[in-house]
Every structure is written in structure tokens, then in C-alpha cells.
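The values are calculated or read from the model by the stated rules, or taken from the named source; none is laboratory data. In this text, all values refer to a predicted model and were calculated from it rather than measured experimentally. In this analysis, Cβ positions are derived from the backbone assuming ideal geometry, glycine residues included, and neighbour counts consider all displayed protein chains. With ligands, DNA and RNA removed, areas are computed over all heavy atoms of the protein, side chains included. Shrake-Rupley method; radii C 1.70, N 1.55, O 1.52, S 1.80 Å.
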Number of protein chains: 2
Amino acid sequence: MARIVMKFGGTSMAGIERIRNVAARVKGEVDRGHEVAVVVSAMAGETDRLVNFCREASPLYDAKEYDVVVAAGEQITSGLLAIALQALGVPARSWLGWQLPIRTNDAYASARIGTIDAEIIGAAMAKGEVAVIPGFQGMSEDGRITTLGRGGSDTSAVAVAAAIKAERCDIYTDVDGVYTTDPRIVPKARKLGKVTYEEMLELASVGAKVLQTRSVGLAMKEKVRVRVLSSFDDSKDDDGHRGTLIVGDDEIEEDKMERQLITGIAADKNEAKVTLLSVPDRPGAVATIFTPLAEGNINVDMIVQNVASDGKSTDVTFTVPRAELTRALDVLETQQATIGHAGVKHDTKVAKISVVGVGMRSHAGVAAAMFKALADRGINIQAITTSEIKVSVIIDEDFVELAVRVLHTAYGLDAEDEAA
Amino acid sequence: MARIVMKFGGTSMAGIERIRNVAARVKGEVDRGHEVAVVVSAMAGETDRLVNFCREASPLYDAKEYDVVVAAGEQITSGLLAIALQALGVPARSWLGWQLPIRTNDAYASARIGTIDAEIIGAAMAKGEVAVIPGFQGMSEDGRITTLGRGGSDTSAVAVAAAIKAERCDIYTDVDGVYTTDPRIVPKARKLGKVTYEEMLELASVGAKVLQTRSVGLAMKEKVRVRVLSSFDDSKDDDGHRGTLIVGDDEIEEDKMERQLITGIAADKNEAKVTLLSVPDRPGAVATIFTPLAEGNINVDMIVQNVASDGKSTDVTFTVPRAELTRALDVLETQQATIGHAGVKHDTKVAKISVVGVGMRSHAGVAAAMFKALADRGINIQAITTSEIKVSVIIDEDFVELAVRVLHTAYGLDAEDEAA
């Protein structure tokens with residue numbers, strides 16, 4: 001008997017038929033003698049619908065009220081899954097964010113989980129009841145509903161798993177694991193059996209879209225073993241396992257020899273590029289740009305600074321999620337006098353391509369190989385950043401698929417015989 | 001300056017354009033210097049969608065989880081209206097049922113409001129903030145979400161108005177007031193300027209459908225002045241008023257002389273007639289029929305008993321909502337031995353016509369006039385019941401429109417020159 005958390009994404013919860021399927025999976029784990037807590041997303045499309053309502057109501061909507069609106073999606077699926085479980089004879093009840101409570105800070109619309117009291121969930125489990133918990137939502141100190149930002153349900157699941165000291169957090173989604181790259185782009189992409197938290201962080205943050213970045217960071221911090229697997233497909237790989245396990249470096253160490261230099265390649269079309277022209281080149285200049293953006297809760301990703309030829313000013317380029325571009329431009333306009341830049345350019349027709357792998361740490365030449373492979377196909381690189389286990393470039397959105405395929409082959413990731 | 005509650009129904013909240021229209025109406029009252037609390041319904045169609053999800057998930061759904069699901073509809077519109085108000089520069093925030101809290105009993109899915117703490121709403125109003133409150137929902141003593149039953153938002157609005165001692169509770173809907181009868185049947189129907197709580201109760205319960213019956217009962221008990229008016233049409237009547245005021249007898253008294261004997265005529269096609277043949281005529285016989293029906297939650301309306309010519313048995317006729325007819329017949333069949341009736345007849349092709357008016361109390365002959373008017377047109381009366389301010393008859397469904405028109409003219413209710 002083990003304690004496990006099962007988390008189901010929006011595709012798995014899209015409609016009553018699928019929710020019934022989820023209930024059957026949960027019953028399966030209960031029947032195996034496990035104590036189960038379930039974390040659910042809203043039905044696929046529902047959060048978008050609610051977000052669009054807010055935007056339509058006012059482009060500069062109050063994040064507190066936005067949270068009231070969008071948290072409803074997971075509230076609905078929680079109640080429905082509890083009903084579906086009861087219909088299968090499995091005792092279950094929903095516990096909303098404010099009922100547990102899942103305490104967060106007051107960064108409405110992108111709140112961070114503080115503490116989850118494990119007592120209620122533990123008591124429910126002890127009497128054989130499945131606790132159904134809406135992902136994505138919590139409660140601020142003021143007693144108002146908060147949400148964790150898009151994709152936040154994964155983070156909720158990992159946080160619950162940490163709180164109740166679960167043996168494993170199973171994230172059920174519409175893919176059967178983490179791949180070397182998007183199989184829709186590269187049919188020869190391979191499913192990975194295990195990846196490290198760090199690799200997953202880089203893959204997720206650059207758009208692998210399997211797991212929310214924050215959830216992986218939290219899993220790493222709390223040492224929660226996470227498994228990503230399919231809600232729809234029960235097939236096992238050659239080792240008899242399902243999905244992809246995301247674990248610490250220590251668990252990877254043993255099969256290190258067999259691992260590729262590069263673990264995966266990710267593409268992200270959800271970015272927008274912003275360039276501030278002729279920012280005066282003085283100490284603290286960059287802080288005047290990024291402090292107000294951070295205060296506006298705008299997620300800046302890549303930052304590239306090029307000193308201009310006159311040596312007195314500099315162009316600063318960075319990327320933000322496309323959804324936050326308008327707000328970012330607003331912030332920059334109000335700060336124009338402080339920053340002192342001559343102008344702003346922005347471009348939404350860009351994409352970020354990243355190659356990721358812990359093997360990179362001990363190997364030189366990974367970045368150079370990337371630049372060469374792209375140059376050989378005439379793909380222009382607009383910006384570059386690197387980290388210990390990742391190299392990312394910004395390119396024209398039109399070349400995304402070509403770039404990913406070229407790199408997948410260049411790093412020897414193609415499966416030998418068949419499409420995955 | 002006055003305190004007022006404004007309530008907007010599902011049609012008024014159906015989509016962001018309409019929610020913006022609602023926000024503008026609220027702003028109008030704020031600009032006139034009023035302190036305003038707003039109670040909102042879910043978008044039209046949304047509650048049906050959520051109810052259907054629950055039914056699909058399990059026909060025997062848990063009412064506690066049903067409430068978690070369906071309460072989401074009003075949560076969404078509350079947040080959206082707060083956003084729309086802020087966009088117009090009106091300070092506003094949503095207060096969910098569990099946040100105020102609106103305490104109810106634990107009759108999940110059909111809960112009754114106990115107490116509403118006026119302190120929070122009062123404090124919000126005092127600092128010039130509009131409190132936006134989702135209708136239909138509350139919180140049980142166990143800290144779980146409850147809902148009040150369909151149409152419950154009207155009741156929420158009246159309860160909030162009573163709690164904050166509002167001068168008036170304005171119910172905005174898709175009609176511009178209460179009419180002498182359905183204007184689709186009688187083009188000469190007139191909008192009523194004022195009706196009493198009791199008249200409204202009779203009109204609502206027999207199918208006027210403008211306000212939920214429970215809300216009128218609560219308004220009468222708490223002496224809340226209610227006004228029904230249109231969200232879409234700003235036209236005023238000859239006296240410069242909008243809508244219909246629902247008030248106590250005392251407020252009617254002053255213009256009593258000008259009032260018609262009959263206030264309105266209602267038709268209800270949603271009834272089915274059941275007749276039990278030859279029920280043994282002994283003490284307690286009627287209880288053996290209606291106790292099990294009540295225990296089966298079947299809403300019996302009219303009851304008519306005719307002693308048969310032999311003096312030993314009696315035919316008992318009553319009406320139930322058509323949707324409950326099958327269940328009612330089931331109950332009667334299982335109780336046949338106890339009741340001892342010789343047979344059951346039922347008829348769904350019937351309708352109930354009621355004439356309503358407080359003036360009836362002091363005037364004889366209202367019922368007689370009704371019977372004569374119907375007889376003159378050859379309309380057969382199948383059953384009759386009367387109350388202090390109402391006379392109802394059951395007739396063949398085919399004659400509903402004719403009966404209503406005939407009675408509207410007979411009681412002098414036709415507008416003189418034009419269609420209303």
C-alpha cells in the first residue's frame with residue numbers, strides 16, 4: 001500500500017465520458033490498496049473560455065476577480081469527478097482550495113503555494129475516501145481565491161504530493177511521456193524512460209508543454225518522484241514501464257553511460273521578442289527595465305544586451321510570453337523617462353529552439369554544433385542564450401519545424417527503425 | 001442617497017456585452033449617489049449545462065457535489081461583473097457565498113438561507129465599493145457550498161436586501177414588469193404599477209414566472225420592497241415609473257379606489273390532473289392519498305373532492321406538475337391497498353386559469369362572474385378552487401388563450417387604446 005497523487009489534465013477531463021474513464025483509473029489504484037488523492041484540471045478549453053471572458057470584460061482586468069472567474073473551471077471538474085467516483089462505489093469528496101485550505105501568497109493570477117495542511121487529506125485517506133482537489137487554485141491570506149497561473153494544476157499536484165509525503169505523483173495527460181522532441185514535428189522522436197528534474201525544467205520551460213515548469217522545480221525541491229503518463233493509452237515500453245519518470249540525478253547516474261549527450265530538443269512559439277533601442281549605458285540601467293516588469297508580474301525569459309557602436313548606449317532584447325506582451329509594453333511606456341530608451345520594437349513572429357541535456361556539462365562543442373546545423377540550412381539566429389545544460393536560440397517562427405528536425409538528426413536522437 | 005440591491009437574471013448576464021450593459025446600469029445608480037449591492041445569476045444556459053453534467057455523471061448524484069458544480073456559474077458572472085464595473089471606474093469586488101458568508105441550512109441543492117452578516121457588505125458600501133454577490137449560493141454549517149434550488153438568485157437578492165436594510169430590491173429581468181396577464185396571449189394586457197406580495201405570490205405560483213415564489217414570500221416576511229423591471233428597455237410608464245413595485249397591502253391602500261377588482265389573470269399549462277375513483281369515504285381517507293405523495297416530494301396543487309351519489313365513496317381530483325405525473329402514478333399504485341380506490345384517471349391536456357386580486361376580499365361575485373364568462377363561451381370547468389384572493393379553475397388546454405382573453409375583458413382589464 002502506498003500513498004499516491006494522481007493528476008489529470010484538461011484533455012483527460014474533457015466531458016463526462018472521459019471523467020468516467022478517470023474515475024475508473026482512480027478506482028484501479030484504490031482497488032490495488034493505495035491511498036489516493038486526485039488533482040484535476042478544468043475541462044480542456046474551459047479555462048480559455050473563462051480567460052477570454054475576463055479579457056473581453058476589460059483588457060486590464062483585476063487579477064483578483066480574474067481568479068474568481070477562472071478558478072470555477074476546476075471547481076466544476078472536482079465536483080463531477082467526485083460524483084463519478086461515487087457512482088463506481090468509491091467514497092470521494094471534493095475539497096476546494098479554500099476548504100483545505102491551499103494557502104498561497106497574494107500574487108493573484110500567478111500565486112505561489114505556501115503551505116498545504118495535510119491533515120484533512122490524511123484524515124480523508126485514512127477513512128478510505130478519495131480526496132478530489134481542484135488544481136490551479138488556492139486561497140490568499142485575505143481569504144480570496146487565487147490561481148497559480150496557466151498550467152498550475154501540475155504544481156498543485158506536486159505540492160499535494162509533498163504535503164502528504166506521497167510515494168509518487170502521477171501526472172496523467174494526453175501524451176504517453178516525455179519525448180526527445182515533439183513527435184508531431186519529428187516522427188522519429190523517442191520516448192525517454194527517465195529524465196532528471198533539471199533536464200525536465202529546461203525542456204518544460206522552453207515549451208515541451210508536458211509539465212508546468214514550476215511543478216518540476218517544486219518536485220526537485222521537495223524530492224517528489226513524478227511520472228508523466230497517458231490517460232488514454234495503457235501500452236508499456238520494452239521495460240514494462242509506462243510513461244516517463246522524472247527523478248533526481250542520483251537515479252539517473254546508474255544508466256549514465258547509455259545516455260545521449262543531448263536529452264531533448266524543445267520549441268516554443270509562445271514567445272514575443274521586445275527590443276529597447278538605445279538604452280543609456282550606465283550602471284543600473286538594466287534594473288530600471290526589469291524591476292518594473294517583475295513588479296508587474298511579467299515573466300521575462302531570455303535577455304540579450306548588445307552594446308551599440310558609440311559605446312554610450314545599448315540595445316536590450318528580451319522575450320516575454322505573448323500573452324503578456326501588451327502589459328509589458330504598457331509598463332515600458334510608463335517607465336520611459338526612467339529607463340531613457342529611444343524606442344521600442346517588438347516581434348511576435350519568433351520562436352525559441354533549445355537543446356537540453358545534462359551530458360552537456362562535460363562536453364564542449366554542443367552550441368557550436370547547433371549554430372552550424374542551423375546555418376547549413378540557412379536559418380538565421382536572432383538571439384542566443386546558454387545555461388549549464390541548455391542552449392537556446394530565437395529564430396523566425398516559420399523555420400521552427402525545420403530547425404527541430406535538423407537538430408534532432410544532428411545530435412543523433414532519431415529512433416533507428418520506427419516512428420514512436 | 002439610498003441603499004439598494006440590484007439583481008440581474010441569466011438573460012441580463014448572457015455574455016460580456018450584456019454584462020457591460022449591467023455594469024452601466026449599476027454605475028447609473030452609483031452616480032445618483034446610491035449605495036449599491038448587486039446580486040447576479042449565471043449566464044443564461046450555464047446552469048442547465050452544469051446540471052446536465054451532473055446528471056450525466058450519475059443520475060443519482062450527490063447533492064453536495066452537485067452544489068460545488070452548479071455554484072460555479074454565478075461565481076463566474078460575479079467576477080466578470082466586478083471587472084466590468086472597475087472598467088467603468090466603479091470600485092467593485094465580488095463576495096462569494098462562503099466569503100460573506102451567506103449561511104444556509106444543509107439541504108444541499110435546495111438550501112434555505114439562514115443569516116447573512118451585513119457587516120462586510122455594509123463596510124464595502126461605506127467605502128463606496130459595489131459588492132457583487134453571486135445569487136443562488138451559500139455555505140452550510142459544515143463549510144460546504146450549498147445552492148438554493150433553481151431560480152434561487154431572486155431569493156438571494158431579497159435576503160441581501162433584508163440583511164442590509166435596503167430601501168428597495170430591483171430585480172432586472174427580460175420583461176418590463178408584471179402584467180395583468182401574458183401579453184403574448186392578450187395584446188391588451190396592461191403593466192401593473194404595483195401589486196401586493198400576496199397577489200404576486202398567487203400570480204407567480206400559477207405561472208407568471210417573473211419572480212421565484214420563494215423570493216416573494218421572503219420579501220413579504222422581511223417587508224422588502226421589490227421592483228421588477230427590464231434590463232433591456234428603459235421606457236417609463238405614464239406616471240414616469242419603470243417596472244412593477246411589489247409591496248405590502250398598506251402601500252396599495254392609498255390608491256385602492258383606482259384599483260381594479262382583479263389584478264391579474266394567470267394561465268398554467270404545466271399541470272396534470274389525476275382523479276382517484278371511488279375512494280372509500282371514511283375519516284383519514286384523504287391522508288392516505290396525500291401523505292405518501294408528499295413523502296415522494298410530489299408537489300400537489302389543487303385538490304377537489306366530490307362525494308359520490310351513494311354517499312359511501314368519493315372521487316378525489318388533484319393536480320401535480322406534469323413532470324411529476326409518472327412518479328405520482330407510481331406512488332398511487334403502490335398505495336392502492338391502503339387507499340382503497342377503485343381506479344385512477346389522469347389527463348395532461350389540462351390547464352389552470354386563475355384570477356387574482358386583493359380586491360376580491362371585499363367583493364362578492366368574482367367567482368360567479370368567472371364561471372359565467374367561461375360558460376358564455378362554452379368552456380367547460382373541470383375543477384374549481386378558491387382562496388381569499390384567488391379563484392382557479394381547470395379547463396381543457398385547448399381553451400387557455402380564449403379563456404384568458406375572455407376573462408381579461410370580463411374583469412375590465414383591457415388597456416383602452418393600445419397594446420401594452
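Mind listing the long-range amide H neighbours of B:Glu35? Cut-off is under 5 Å, sequence gap 5 or more, other chains count too, H placed in the peptide plane at 1.01 Å from N.
B:Ala2, B:Arg3, B:Ile4
Please give me, ordered by residue number, the trypsin sites (Lys or Arg not before Pro) of the range A:1-60 that lie in loop per DSSP and have at most 16 other Cβ atoms within 10 Å.
Passing both the DSSP loop test and the Cβ count: A:Arg32.
When N is the residue count of the range B:3-253, what does its C-alpha Rg come to as a fraction of 2.2 N^0.38 Å?
Ratio of Rg to 2.2 N^0.38 Å for the range B:3-253: 0.97.
How far apart, in nanometres, would the label points at A:His241 and B:Ile303 be if each is projected 7 angstrom from Cα along the Cα-to-Cβ direction?
With each label placed 7 Å out from Cα toward Cβ, I get 7.1 nm.
Between the label point of A:Thr348 and that of the same position in each other copy, find the distances and list them shortest first in nm, with every label point placed 7 Å from Cα along the Cα-to-C-beta direction.
5.3
Between helix A:400-410 and chain A, what is the angle of the helix's C-alpha long axis to the longest principal axis, kept within 0 to 90° and rounded to the nearest 10?
Around 90 degrees separate the two axes.
What number, in percent, do you get for the relative contact order of chain B if the mean sequence gap of Cα pairs under 8 Å and at least 6 apart is divided by its residue count?
With pairs under 8 Å counted, the relative contact order is 14 percent.
Before rounding to the nearest 500, sum -39500 (n - 2.57) across all DSSP H runs of length at least 4 in chain B and divide by the residue total; then give [θ] at 222 nm in deg cm²/dmol.
So the calculated ellipticity at 222 nm is -10000 deg cm²/dmol.
Please check the range A:73-88 for residues whose accessible area, probe 1.4 Å, is lower by 40 Å² or more when all protein chains are in place than in their chain alone.
When all protein chains are present, A:Gln75, A:Ile76, A:Leu80, A:Ile83, A:Gln86 each give up 40 Å² or more of accessible surface.
Enumerate the calculated ³J(HN,Hα) couplings along the range B:285-294 in order (Karplus 6.51 cos²θ - 1.76 cosθ + 1.60, θ = phi - 60°), each rounded to whole Hz, writing x wherever the residue is Gly or Pro.
Each residue of the range B:285-294 in turn: 4, 5, 4, 5, 7, 8, 5, x, 5, 5 Hz.
State, as an integer percentage, the relative contact order of the range A:1-124 based on alpha-carbon contacts under 8 Å between residues 6 or more apart.
23 percent
Ordered by residue, what ³J(HN,Hα) values in Hz, to whole numbers, does the range A:372-383 give under the Karplus form 6.51 cos²θ - 1.76 cosθ + 1.60, where θ = phi - 60° and Gly and Pro are x?
Working through the residues one at a time gives 5, 4, 6, 4, 4, 9, x, 8, 7, 9, 8, 6 Hz.
Once you list every other residue whose beta carbon is under 11 Å from the beta carbon of B:Ser392, what net charge do they have if Lys and Arg are +1 and Asp and Glu are -1?
-2
Roughly how many nanometres apart are two label points built 7 Å out from the Cα toward the Cβ at B:Asp249 and A:Arg322?
For B:Asp249 paired with A:Arg322, the spin-label model returns 6.8 nm.
Heavy-atom accessible area per residue, chain B, 1.4 Å probe: how many Å²?
Accessible area per residue, chain B: 42 Å².
Kindly identify residues of the range B:93-141 having a loss of at least 40 Å² in accessible area between the isolated chain and the assembly of all protein chains, probe radius 1.4 Å.
In the range B:93-141, residues shielded by partner chains: B:Arg93, B:Trp98.
Could you tell me the extents of chain B's C-alpha atoms along the three principal axes, largest first, rounded to whole Å?
75, 55, 33
Near B:Ala14, within a Cβ-to-Cβ distance under 10 Å, what is the net charge of the other residues, with Lys and Arg +1 and Asp and Glu -1?
It works out to a net charge of -2.
What number do you get for the range B:77-168 when its Cα radius of gyration is normalised by 2.2 N^0.38 Å, N = residues?
1.06
Normalised by the number of residues in the range B:84-219, what is the relative contact order in percent for Cα pairs under 8 Å and 6+ residues apart?
After rounding, I find 20 percent.
Give me, ordered by chain and number, the residues 5 or more places off B:Arg168 or on other chains with an amide H under 5 Å from its own placed amide H.
Answer set, sorted by chain and number: B:Val5.
Lys and Arg at +1, Asp and Glu at -1: add these up for the other residues within a Cβ distance under 9 Å of A:Ile246 and post the number.
Result for the local shell: +2.
Report, to the nearest whole %, how much of the accessible area of the protein assembly as shown belongs to carbon and sulfur atoms, 1.4 Å probe, protein only.
49 percent
Pull up the DSSP beta bridges for the protein assembly as shown and report the antiparallel fraction as a percent, rounded to 5.
60 percent
Roughly what % antiparallel, to the nearest 5, for the DSSP beta bridges in chain A?
Close to 60 percent.
Could you work out the Kirkwood radius for the protein assembly as shown, taking every pair of different alpha carbons, averaging 1/r and inverting it, reported in Å?
Evaluated over the protein assembly as shown, this radius sits at 30.9 Å.
Provide an ascending nm list, one decimal, of label-point separations from A:Asp249 to the equivalent residue in each further copy; define each label point as 7 Å from Cα along Cα→Cβ.
In ascending order, 8.6 nm.
With a 1.4 Å probe, what is the total accessible area buried between chains A and B, in Å² rounded to the nearest 100?
It comes to approximately 3100 Å² buried between A and B.
How far is the Cα center of the range B:306-362 from the Cα center of the range B:133-211, in Å?
Comparing the Cα centres of the range B:306-362 and the range B:133-211, I get a distance of 29 Å.
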